[in-house]
Amino acid sequence: MTVAVATAIRSPRGRNPLPGFGLSLGLGLSWLSLVVLLPLLALSVRAVGLGVDGWWRALGDPRVRAALELSFGTAFIAASCASIVGALVAWVLVRYRFPGRRLLDALVDLPFALPTAVAGIALTAIYSANGWIGRWLEPYGLKVAYTSTGIVLALIFIGLPFAVRTVQPMLETLGREQEEAAASLGASRFTALRRVIFPELLPGLLTGFSLAFARGLGEYGSVIFIAGNLPYKTEIAPLLITIRLEEYDYNAAIALAALLLAGSFLSLLAINAIPLLFAHERRRGGRDDR
Amino acid sequence: MIDDPLREPAWVRWTLIALAVGAMVLLVLLPLLMVLSAAFGEGFRAWWAALEEPDARSALSLTLFTVAIVLPINAVFGTLMAWALARFRFRGKRLLLSLIDLPFAVSPVVAGLCLVLLFGSQGWFAQWLAAHDIKILFARPGIVLATLFITFPFVVRELIPLMEQQGADEELAARSLGASAWTMFSRVTLPNIKWGLLYGVLLCSARAMGEFGAVSVVSGHIRGLTNTLPLHIEILYNEFDTTAAFAAASLLSGLALVTLVVKFWIESRHGDVIAASHRRTS
């Protein structure tokens with residue numbers, strides 16, 4: 001009986017005996033359209049409505065260009081740093097046993113749970129000139145708070161959980177046979193890491209990077225406190241959106257938002273494409289000849 | 001033992017552990033300690049006084065009000081969508097999954113701006129709203145809508161891998177024994193997914209309470225009326241009332257910590273029923 005029903009559910013069309021498909025999909029889709037898609041559609045339509053002229057004027061503003069450069073640049077650097085630190089933390093959590101390991105594991109999720117504004121004021125207080133760490137950096141002329149370094153730091157904080165949590169499960173399921181084979185063939189630990197483990201983790205690393213980048217690009221709450229918010233210098237694109245909005249300069253706000261949205265779309269696209277890309281390569285045996 | 005070719009030498013291991021722990025302490029633990037230290041730096045009384053202030057009270061109640069609306073809605077629609085996506089095959093499923101993920105990647109400020117474009121004075125629905133005397137922006141509905149946008153994926157994303165992993169056998173058995181759709185759902189599906197659901201709701205509530213960017217754009221920052229707790233923190237901080245800002249921040253951090261502790265507890269007690277999904281909450 002179960003077997004017969006189980007084959008029924010796998011059949012490509014119809015005959016699925018479970019109830020509620022139309023209801024759940026219908027209600028879910030309507031809700032998604034109302035809450036998420038309709039607002040995004042409004043932005044897209046207005047962005048297209050700007051026309052070549054509107055876009056030209058919006059992007060001609062050097063302040064807008066500086067904000068975009070800063071946002072994309074800091075998000076990229078921060079995502080790279082978060083990926084490196086994240087890989088290290090994931091490696092240590094999966095491969096080693098030490099006192100406090102579970103606590104460290106729990107700590108990884110803190111940036112998810114901690115409100116961004118709270119993180120922002122805390123990081124600023126730590127790295128300002130009289131803060132816990134800022135105080136020690138000050139004599140060396142190193143400034144973190146109110147500079148772009150501070151922005152990168154806040155974005156690393158935000159991106160870190162993504163970087164750890166995408167690599168960690170891959171490390172957990174990574175079989176040790178290939179490492180054993182590498183070792184038995186005389187490879188050093190470092191060679192095994194570089195040529196066996198790293199290629200296996202690469203999809204996870206790239207996914208984590210894309211997630212951290214997408215989040216960093218749009219991050220607002222944790223950054224505005226530590227950034228200093230000087231136009232042309234430390235003013236991120238999301239902040240400039242709110243400023244233009246308050247000045248009722250809708251077109252500039254829409255142009256900036258549309259570009260950030262495009263950045264998010266591309267990151268999501270990359271995240272979805274990465275597994276397919278690597279599955280393809282694996283099928284062709286592309287990894288063997290490296 | 002020493003020559004295990006799959007283990008790094010002890011000094012390498014401990015250096016890596018020290019580096020990882022050091023990085024996490026510096027990047028993640030220190031901000032939390034900073035919040036607590038600054039909040040209680042002037043004693044418990046100053047902390048309490050900052051939270052007793054009417055503005056802080058109204059900000060807290062607005063935050064809780066928002067969460068109280070957003071959580072049940074997300075739980076219901078999240079479960080519905082997860083049911084459709086985990087139990088059925090249909091055309092465009094991959095696309096739908098990506099669309100659900102969109103709020104993860106979209107900037108909160110962009111989300112807020114989208115709502116302004118719909119409900120603002122120049123927005124699509126401006127005339128209709130004005131005619132019916134409904135206020136959405138700079139009022140509670142806007143804050144709720146912004147929070148709904150931001151927290152949309154949390155419950156669905158938590159439930160889909162869990163339901164896929166569990167399979168439909170038990171539900172099919174219930175149906176074949178003549179259970180009605182509702183009986184099947186309430187007696188089989190819901191008990192199976194309850195821990196995963198709770199977990200998703202927890203993540204969702206942490207995000208809902210702390211949401212800043214999207215709410216900031218649509219709220220209008222009217223003190224005592226449309227200020228949520230995170231916005232209240234910003235105002236206090238910009239007025240250099242650091243102790244009060246950190247006192248409010250400590251409240252939100254406390255809620256975040258409770259979230260993490262409950263999550264930790266669910267994982268260690270019911271790890272089997274959320275294990276598959278727990279790393280994929282991003």
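No lab work stands behind these numbers, since they all come straight from the coordinates. This structure is a prediction, so every number in the text was calculated from the model and none was measured. Positions of Cβ are generated from backbone atoms using ideal geometry, with glycine treated the same way; all protein chains shown enter the neighbour counts.
Summary table below
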{"quantity": "Gain upon complete extension [B:GLU170, B:SER186; 0.36 nm per residue less C-alpha separation]", "calculated": "4.5 nm"}
{"quantity": "Listed residues A:LEU160, A:LEU245, A:ALA117: farthest to the positive end of the dipole of region A:64-282 (Cβ charges)", "calculated": "A:LEU160"}
{"quantity": "Karplus-derived 3J(HN,Hα), 6.51/-1.76/1.60, for each residue of region A:37-45, Hz, glycine and proline x", "calculated": "6, 4, x, 5, 4, 4, 5, 4, 4"}
{"quantity": "Kirkwood-type radius of region A:53-118, with distances r between different C-alpha atoms, in Å", "calculated": "15.2"}
{"quantity": "Residue mean of other protein chain beta carbons inside 10 Å, A:95-102", "calculated": "4"}
{"quantity": "Spatially proximal aspartates and glutamates relative to B:LYS263 (Cα-Cα < 14 Å; intrachain offsets below 8 disregarded)", "calculated": "A:ASP105, A:ASP109, B:GLU158, B:ASP272"}
{"quantity": "Ranked A:PHE190, A:PHE98, criterion: other C-beta atoms within 10 Å, fewest first", "calculated": "A:PHE190, A:PHE98"}
{"quantity": "Ranked list, fewest to most other Cβ atoms within 10 Å of each Cβ, for A:CYS81, B:CYS204", "calculated": "A:CYS81, B:CYS204"}
{"quantity": "At least 24 Å along the helix axis (C-alpha) and Kyte average at least 1.0, DSSP helices within chain B", "calculated": "B:54-87, B:242-269"}
{"quantity": "Shape call, region B:87-181: gyration tensor on alpha carbons, a/c limit 1.5", "calculated": "prolate"}
{"quantity": "Cα gyration tensor, region B:1-40 - rounded (a/c under 1.5), prolate or oblate", "calculated": "prolate"}
{"quantity": "Net dipole in debye of region A:124-187 [+1 Lys, Arg Cβ; -1 Asp, Glu Cβ; about Cα centre; nearest 20]", "calculated": "420"}
{"quantity": "Lysines with Cα under 28 Å of B:LYS93, excluding same-chain neighbours fewer than 8 positions away", "calculated": "B:LYS194"}
{"quantity": "Difference of contour (0.36 nm per residue) and Cα-Cα distance, A:ASP249 to A:ARG135", "calculated": "37.0 nm"}
{"quantity": "Taking all pairs of distinct alpha-carbon atoms in the protein assembly as shown, Kirkwood radius in angstrom", "calculated": "25.1"}
{"quantity": "Estimated inter-spin distance, B:ARG140 and B:GLN122, nm [label 7 Å along Cα→Cβ]", "calculated": "3.1"}
{"quantity": "Point-charge dipole on Cβ atoms (K/R +1, D/E -1) for the protein assembly as shown, about Cα centre, debye to 20", "calculated": "1440"}
{"quantity": "Computed magnitude of the charge dipole of chain A (debye, nearest 20; Cβ of K, R +1, Cβ of D, E -1)", "calculated": "760"}
{"quantity": "Surrounding net charge for B:VAL262, when Lys and Arg each add one and Asp and Glu each subtract one, Cβ distance under 12 Å", "calculated": "0"}
{"quantity": "Nearby lysines by direct alpha-carbon distance to A:LYS143 (threshold 17 angstrom, same-chain neighbours under 8 apart not counted)", "calculated": "A:LYS233"}
{"quantity": "Loop-located trypsin sites (Lys or Arg not before Pro) in region A:92-148, at most 10 other Cβ atoms within 10 Å (DSSP)", "calculated": "A:ARG97"}
{"quantity": "Positive-pole candidate from A:GLY131, A:SER30, A:ALA47, dipole of chain A, charges at beta carbon", "calculated": "A:SER30"}
{"quantity": "Shape metrics for chain A, restricted to C-alpha atoms - Rg then Dmax, Å", "calculated": "23.6, 77"}
{"quantity": "Packing-based exposure ordering (other Cβ within 10 Å, fewest first) of A:TYR220, A:TYR248", "calculated": "A:TYR248, A:TYR220"}
{"quantity": "Nearest-0.05 FRET efficiency for A:ARG97 and A:SER30, computed from C-beta distance (R0 56 Å)", "calculated": "0.70"}
